[in-house]
Amino acid sequence: MNAFKKYVAEFIGTFVLVFFACGTAAVVGCSAENGTGYLLTALAFGLVIVAMAYSIGNVSGCHINPAVSIAMLCAGKISLKDFVGYVVAQFAGATVGAAALMAFVGRDSGLGANALYEGNIGLSILIEVILTFVFVLAILGVTSKVENGAVAGIVIGLSLTLVHILGISFTGTSVNPARSFGPALFVGGDALANVWVFIAAPLVGGVLAAIVYKFLTEEKK
């Protein structure tokens, strides 16, 4: 597959993720007290993954997340060149997606930006590492066998929904540096000042998932 086409696919996928999923969070709210809005936001993230997996998955693998891409790099499933290309495309897609979303809902909506849990950097990093670890581990597992291809998108989408159901009440759930960067860039303030947490922690979680998955599968052999 032409490398440029893969990067365009990643741009489109990340744009859709931010516009639709972060857009849902901005429109319906993602407070734990707001049960309906909370679940709609979690489902929106999962459903976007399902939709994109079956539309661009055969082009780029549908990472649309630097944490997934770094795990695939560690697992030897993509080259360093593609990793860089994917991440650039993902951040660009998220930025354009957030800009498009702001045109409809305005910056005051929050654009689905992430926030520290009770202002605590350490706890926010910990929850994001755990959530990303679980999400990426599921991806590595379900994509490890060709025969899982038909259901992989559904499994990954449901896994993302799962981590959002828990994580929304803590940090709004990032598990995706690009998804966090786009909205934070336009919201500014604390969202932008603390966005490094939601870039670094998911990357750490992705690397840890790759390391653990490699260990587990090597033991099997």
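The values are calculated or read from the model by the stated rules, or taken from the named source; none is laboratory data. Every value quoted in this text rests on a predicted model; they were computed, and no experiment measured them. Here the Cβ positions follow ideal geometry from the backbone for every residue, glycine too, while neighbour counts run over all protein chains shown.
A count restricted to the stretch 51-72 and to residues that are surrounded by fewer than 21 Cβ atoms within 10 Å (Cβ to Cβ) and not small (Gly, Ala, Ser) stands at 3. Phe91 satisfies every condition listed in (1) within 16 Å of Leu203 (Cα to Cα); (2) in contact with a Leu (Cβ under 9 Å, 6 or more places away or on another chain); (3) aromatic (Phe, Trp, Tyr) except (2).
A quick yes/no check of all residues on (1) closer than 21 Å to Phe181 by Cα; (2) at pLDDT 95 or above:
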position: Val8; (1), (2): yes, yes
position: Phe11; (1), (2): yes, yes
position: Phe19; (1), (2): yes, yes
position: Gly29; (1), (2): yes, no
position: Gly37; (1), (2): no, no
position: Val48; (1), (2): yes, yes
position: Ser60; (1), (2): no, yes
position: Asn65; (1), (2): yes, yes
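Being of a type in the set (A, V, I, L, M, F, W, C), farther than 25 Å from Ala209 by Cα and crowded, with 19+ Cβ neighbours inside 10 Å is a property that Ala9 lacks. So which residues in the stretch 81-116 are of a type in the set (Phe, Trp, Tyr) and within 13 Å of Asn176 (Cβ to Cβ), if there are any at all? Hits for the stretch 81-116 are Tyr86, Phe91. Scan the stretch 85-95 and give yes if some residue there is touching a Lys or Arg at 6+ places or on another chain (Cβ under 9 Å), farther than 22 Å from Tyr38 by Cα and surrounded by fewer than 22 Cβ atoms within 10 Å (Cβ to Cβ), otherwise no. Taking every residue of the stretch 85-95 in turn, at least one turns out to be touching a Lys or Arg at 6+ places or on another chain (Cβ under 9 Å), farther than 22 Å from Tyr38 by Cα and surrounded by fewer than 22 Cβ atoms within 10 Å (Cβ to Cβ).
Selection within the stretch 110-135: residues that are surrounded by fewer than 20 Cβ atoms within 10 Å (Cβ to Cβ) and among the hydrophobic types (A, V, I, L, M, F, W, C). The member of this set that is farthest from Ala209 (Cα to Cα) is Ala115. Being under 12 Å from the mean Cα position of the chain (by Cα) and surrounded by 23 or more Cβ atoms within 10 Å (Cβ to Cβ) is the filter; apply it to the stretch 157-171 and report the residue that is nearest to Ser69 (Cα to Cα). The residue in question is Leu160. Considering the stretch 139-156, and only residues there that are surrounded by fewer than 19 Cβ atoms within 10 Å (Cβ to Cβ) and among the small types (Gly, Ala, Ser), the residue that is modelled with the highest pLDDT turns out to be Gly141. Could you list all residues from the stretch 116-168 that are among the small types (Gly, Ala, Ser) and on the phi < 0 side of the Ramachandran plot? Of everything in the stretch 116-168, those that are among the small types (Gly, Ala, Ser) and on the phi < 0 side of the Ramachandran plot turn out to be Gly122, Ser124, Ala138, Gly141, Ser144, Gly149, Ala150, Ala152, Gly153, Gly157, Ser159, Gly167. Residues in the stretch 173-190 that are crowded, with 24+ Cβ neighbours inside 10 Å, of a type outside the set (S, T, N, Q) and more than 20 Å from Cys74 (Cα to Cα): 5 in all. Residue selection: Ile64 fails the criterion of being under 15 Å from the mean Cα position of the chain (by Cα) and assigned to a helix (DSSP H, G or I). For the residues Ser124, Ser174, the requirement of being modelled with pLDDT of 95 or more and under 20 Å from Val48 (Cβ atoms) singles out Ser174.
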